[in-house]
Structures are given as C-alpha cells and as structure tokens.
Amino acid sequence: MDRRLIQTAVFGSPDSDEPALCPETPEELEAFRREHAGVTIWCGTQFEGGCGRQLTTRLCTDKICHFAHYGSGGTGGPCGRKDRGKDDANHLFAKAHVKSWLRTQGIEAEFTFPEPLGSAVMVHLPDGRTILVHLDRNQPVTWDPATWETILGPGVRDTHALIQRGYLHRVRFVDRPGGGRVVQFGTELHGRGTEHWDALDDIVLTPGGLVSRTRPVPVRAPAPAPRPADAPTDREIVTVTRGTSRDPRRTDPAHELLRHLDIDHDSPRKIKDAIEAIPRLLETDLHPDDANRLRVALPKCLRRLEAHAQRRQKAVQQLRENPTEALYYKAVRLLEDDPDALQEEKDVVAAHTARIEQARAVKEAARRAAQERAREEKRRAEQERRAAWLQEMIDGQEAMERQMAARKALVAQRVAQAAEQRHQQDRQAHAGKVAPLAPAVRGALKKAAREHRVTTWPELRDKTGMRQLGQLNHGDKVELLALVEADTAPETPLLSTLLVTDDDSASINLHRDISRLLGRPLPSSDTDLLEQLAHDRIQLHNQR
C-alpha cells in the first residue's frame, strides 16, 4: 500500500466531486470512520493526476492520520498526483459550498474547472453572469472583462489589481473538526487589508453585487477589470444595499420550478415536465431575471433529454448484440421513468428478463446445493470422529494416555520449579544491581510525562548522569522497571510506556516482559499493542 501522506480525496466514486479531508488525530479519525461508515473513498479524477483508485484511512500515532491507496481498484493506473495536502481539494470545497450557498437563494448555477485542474472554479449563473474563483497562487489572475466578478483564494496576490480596483474579494478555507472545510468570504481593501470575514451564508448575491447581512456597509459591487498599462485614476466604487435588490427568496411558479429542478440528476419524466411547463410560464408576467433563467434552462433540459435518449438507445443496442447481466440492468435503469422510451426498447429488455431471472435462480440453486453438501460433509466428519473416539475408549487408550499425561505433568512441574528457582535467583541478582538506579529513572520518566514526550535509554543515561544505564542487559532492565513501577497504581498506565518505540522490537518485547511480570494484560498483536501504547501515553501526559 502507498505510504505517502494523502490528506484529500472524494466520496462515493472516482469521478465524484464531493471532497473528503482526512482528520489528523486518531480520535477525530475514529469519529470520521463512524460518520462515513459504508461510504467509499477515492483518489478522484477531479484532482490533477488523480488515478481513480480506491483509498482507505490510515490511523497513525507517530505522524498525522491520512488516506492511503489500496493495492488495486479503480482504474489500476499509477497515481500522478503531485499535491496531496489540504489545499489540493480547495476547488472541490469551493464548488460544494458555493453551489449550496446559491441554492439557498433559489439559484441553480453550472460549474466548470479551468485548466490546470484545481487552479480555479468558474460559476455560470442562469442570468448569464460568471464568477471566477481563482485559487492557484502560482498562476497569474486573468481579469477577463466578460467575467462579472473575480474572487481570489488564500495566498493569491495581485497588487496592481488591488490598487486599480481599490478592493479584492477573497475566500479562505477553515478546517472543520472531524474532517471537511468551510468557506469564509472577505473583502481586502487597499491599504487596510481584510478586516472582516463572513460565513458564506451571510452573503447575498444581488443583481448589482454581493451584500453582507452582518455589516451595515455592503460588499462592493464588481469593479471594471484592471488594465496594467493604464495609469491609476481616481474612481468611485459603487455599492449596492440590500434595500435596492429584489428578495432572492421570492416565491412564484418560475422560482419554484427552477429551485427544484436538477437538470443533471432528475428523471427524464421530471425533465420533460419542466420542458412542457417553461413555455407556459414564459407567457405569464415574470420578473425579467426569472424569464432569463427559464430561457437558459430550456435548452439545457432539451440537451439533457437528448443525451439520455442516446445513452438509452446505445444501452439497448448493446444488450441486443451482447446480452450480459450488467448491460441488462443498465438498460433497465435508463428505461425507468422515461416517457420517451420506445415499446421496441421495452420489448428488448423484457425479452431478457426471463433469462436473467432464470440465471439468478440457477445461481441460487447452486448456492443452496453447495451449502447442503457442506452440511453433509460436516455431519459425516462428525460421525467418523465419534466412531474413532468410541473405539479408542474400547481399546483402553484413554487410560494409557492419562497415565502418560500424569508422568509428563510431574516432570514438567519439576522442571518448572527448577526454572522458577533459577529465575528468582537471577531476579535477586539483577535487583541488587539496579536498585540504586530506580529513583533516578522514576523521576526522569515522570518528568517526561509532565513534558508530554517519550524518552529512550540513552536519553535517560544522559539526563540522569548514570553511566550504568548504558551497560544493562534485558534482565537488568526488567528488574529496574519493576522497581520503578512499584508504586504505580493498577489503574494507571505504566511509566515505562514512555520508553517504547513503535519501530523497535526490543523495546516492545521489554514492555511485554515488564507487563507480564506486573500482571498487566496486553493485546496479543503488535498492532493492537501500539494502539494501546498510544492511548496510555496520552493518558500519562494528561495526568502529569
């Protein structure tokens, strides 16, 4: 698996534009996993160089938690992403938040991602206006006169534009606990900087500009694009107040139709209903903005139906030529709730329905037969085992085995007693050797806990000045730590936890031996042990 740190991804599919940001701490990552249980995570194609392979979350204690590639999945191609940090998904977060913000005002916009991918987001409003959110600080800002407003992202500078316009609109991204980012909006003024940042929901888009609900002075309307060759001239910046703009939440049939219409995802029937309703609405007394939006939406709906019809016809034709289960279900989905579907196309799908159901029944029968064979084999094996056990009882083998077991147990007991005696002698020897070192080591470990850090044996030797610590063998260290932990409460983590290094098997084995000696239970696997050690260190740091 890929161990390079990837902090951003997308949810649901390789081509998704729903961004995901991996939390950095183990606690937040656990909450992230619970919140998104059952949702797949991908190295999306909406990232520059994204490979489209599936990702997993990696919980770490020695570095930040992150996403990592599975060994296979998606396209299977190599990953070409150069940027994997938090800012890599800013274009996706910007699109998601701006789309949601506009929808709360009854505005359905289209979004595109200019090249290079991730450098900017272009917002196409229904009334023909466009907004450019420029995010790449390494790319020059393009001040196109056809663009109604340009908004700059974090770190993007254009001193000449700031002087010429007197202001620049900006957005910044703030991490949300548990993963994700929120967008804030501000206006940088020449000579004053950005003094206020608003939540995006506190900004209202009006025909003349952007208005803040939180401040009495409205956000400035778009100024002309700067021309570097012109000399600076004095000009007045026009502002638009909320009182001069019409209510963006005004309710009427046209507004309701546009607010609830999702051209890219609604069913063909709903799109067709909208196509039939739009000409009728255009004949009524509409606000000019609503009429323009309906005229823009109508050809989009027609193109959407045409594209759907082409996909439907292609799927049915492929089903005719190469009938597979995947093509069958694809054709069924495309025919669903489509009033323009031809009877001939429905007949093609219906002709394959019986075959698909028969194939499914055959698979189900085969599965049940396999289960029955497995149960029969299990019953036969159980009968054979019982027969062997009864024969063993008849032949008296069990009695002989008990006698042999008793003899072995007696020998093992004597061996264990001898080993325990030798162990006690060794412990006494080790304890006499390391007893004078225990107080200093205990103090050094407590000091490390108070300072929220871990330590090592060489560091203990240097900080305590006891050169003997560098000459201890494994047994000496076990007895020394047993003396150090003598007054550690059973419910409190061991101070010696601060001496364990995740990638050092010797320190892990030493921790297992001292825990076993003190009667402290430990997980059997090293992975679970390392997670427990990380938890114990946090507890020690918080207690000290």
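Proximity of backbone amide H atoms, modeled 1.01 Å from N, is registered between Thr194 and Leu189 at under 5 Å, excluding neighbours fewer than 5 places apart on the same chain. Isolated cysteines in the chain, defined as those with no second cysteine Cβ under 4.7 Å, comprise Cys22, Cys43, Cys60, Cys65, Cys301.
For the range 290-362, the relative contact order works out to 29 percent when only alpha carbon pairs closer than 8 Å and six or more residues apart are counted.
What accessible area per residue, rounded to a whole number of Å², is obtained for the chain using a probe radius of 1.4 Å? Mind showing how you got there, number by number?
Numbers: 30650 Å² over 544 residues.
Computed with neighbouring chains in place, this is 56 Å² per residue.
Within the accessible area of the chain, the carbon and sulfur atoms contribute 51%, probe 1.4 Å, all protein chains present. Judged by the gyration tensor of its Cα atoms, with axes a ≥ b ≥ c, the range 28-182 is prolate; a/c meets the 1.5 cut and a/b is the larger of a/b and b/c.
Here is how the number arises for the chain: DSSP H runs of 4 or more residues each give -39500 (n - 2.57), the sum is divided by the residue count, and the result at 222 nm is -16000 deg cm²/dmol. Of Ser507, Ser524, the residue with the largest accessible area leads and the full order is Ser524, Ser507 (1.4 Å probe).
What is the magnitude of the charge dipole of the range 1-149 about its Cα centre, with +1 placed on the Cβ of each Lys and Arg, -1 on the Cβ of each Asp and Glu, and no other charges, expressed in debye to the nearest 20?
Roughly 420 debye, rounded to the nearest 20.
Taking the C-alpha atoms only, the angle from helix 26-35 to the longest principal axis of the chain is near 60 degrees.
With Rg and the Kirkwood Rh both taken from Cα atoms, where does Rg over Rh land for the chain?
Working: Rg = 35.4 Å, Rh = 31.0 Å.
The Rg/Rh ratio comes out at 1.14.
Over the range 371-506, what relative contact order in percent results from Cα pairs under 8 Å that are six or more residues apart?
Details: 66 pairs, mean separation 33.4, N = 136.
Contact order relative to length: 25 percent.
Global dimensions of the range 487-530 from alpha-carbon coordinates: Rg and Dmax equal 10.2, 29 Å.
Computed with a 1.4 Å probe over protein heavy atoms only, the accessible area of Leu298 comes to about 40 Å².
The values are calculated or read from the model by the stated rules, or taken from the named source; none is laboratory data. Everything numeric here is computed off the predicted structure, so don't read it as measured data. Heads up, the Cβs are rebuilt from the backbone with ideal geometry, glycines too, and the neighbour counts pull from every protein chain shown. Surface areas here come from the heavy atoms of the whole protein model, side chains and all, with no ligands, DNA or RNA. Shrake-Rupley method; radii C 1.70, N 1.55, O 1.52, S 1.80 Å.
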